[in-house]
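Written below as structure tokens is the structure these notes are about.
The values are calculated or read from the model by the stated rules, or taken from the named source; none is laboratory data. Computed from a predicted model, the values in this text were never measured in an experiment. Heads up, the Cβs are rebuilt from the backbone with ideal geometry, glycines too, and the neighbour counts pull from every protein chain shown.
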């Protein structure tokens, strides 16, 4: 198969929901290569604890690229303890300007329980409106579902789980095997 015909890795839906002092990031477990499911139990949501400061991150895109970004984010958090916004901006600046990092194909949703950001390779650190963020192949489905559920009596985790279930029913690159991490506001 020629390089330009490579079907590419598809998959991943990550949603972040912030409600009532809690933020939940949920991600599915499916990794697909073309039309084939390669793995159904991947863990795309991680808890980082640089210097005892908890941060939850979810990633979409190339796994190796995402792990590189998570390592860089952790280093930025160690250099700026308790300052997720600053660490995120520093990571985004590096990602945008460093020739090696520019080639990375991934996106991140990160939270410290207070702030919720989407970080992209275009140099963006986006704080979502309506306290919901989503990335990945089923991200738009999960985003729409979560936004529709925000006014319900469900808590952040229930909204994230329900939004992911809806995305998994619609997106063929998303499954229902979830990793869910909740975090409350850091004191």
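Data overview
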read-out: Selection count, segment 93-115, where residues are within 22 Å of residue 159 (Cα to Cα), buried (at least 19 other Cβ atoms within 10 Å of the Cβ) and touching a helix residue (DSSP H, G or I) at 6+ places or on another chain (Cβ under 7 Å); value: 3
read-out: Residue 168 vs. criteria within 20 Å of residue 25 (Cα to Cα) and out of contact with any helix residue (DSSP H, G or I) (no Cβ under 8 Å at 6 or more places or on another chain); value: yes
read-out: Scan of segment 38-53 for residues that are out of contact with any strand residue (DSSP E or B) (no Cβ under 6 Å at 6 or more places or on another chain), on the phi < 0 side of the Ramachandran plot and surrounded by fewer than 16 Cβ atoms within 10 Å (Cβ to Cβ), ordered by number; value: 40, 41, 49
read-out: Filtered residues of segment 54-68 (kept if in a helix (DSSP H, G or I) and crowded, with 20+ Cβ neighbours inside 10 Å); value: 66
read-out: Lone unmet requirement of (1) on the phi > 0 side of the Ramachandran plot; (2) modelled with pLDDT of 95 or more; (3) buried (at least 24 other Cβ atoms within 10 Å of the Cβ) for residue 136; value: (2)
read-out: For residue 71: the one exception among (1) over 19 Å from residue 175 (Cβ atoms); (2) surrounded by fewer than 19 Cβ atoms within 10 Å (Cβ to Cβ); (3) in contact with a strand residue (DSSP E or B) (Cβ under 8 Å, 6 or more places away or on another chain); value: (3)
read-out: Residue 62 out of contact with any helix residue (DSSP H, G or I) (no Cβ under 6 Å at 6 or more places or on another chain), farther than 28 Å from residue 185 by Cα and in contact (Cβ under 8 Å) with a residue 12 or more places away in the chain; value: yes
read-out: Matching residues in segment 15-35 - criterion: being in contact with a helix residue (DSSP H, G or I) (Cβ under 7 Å, 6 or more places away or on another chain), surrounded by fewer than 24 Cβ atoms within 10 Å (Cβ to Cβ) and within 14 Å of residue 171 (Cα to Cα); value: none
read-out: Residues (within 30 Å of residue 33 (Cα to Cα), without any contact (Cβ under 8 Å) to a residue 40 or more places away in the chain and in contact with a helix residue (DSSP H, G or I) (Cβ under 7 Å, 6 or more places away or on another chain)) located in segment 148-165; value: 162
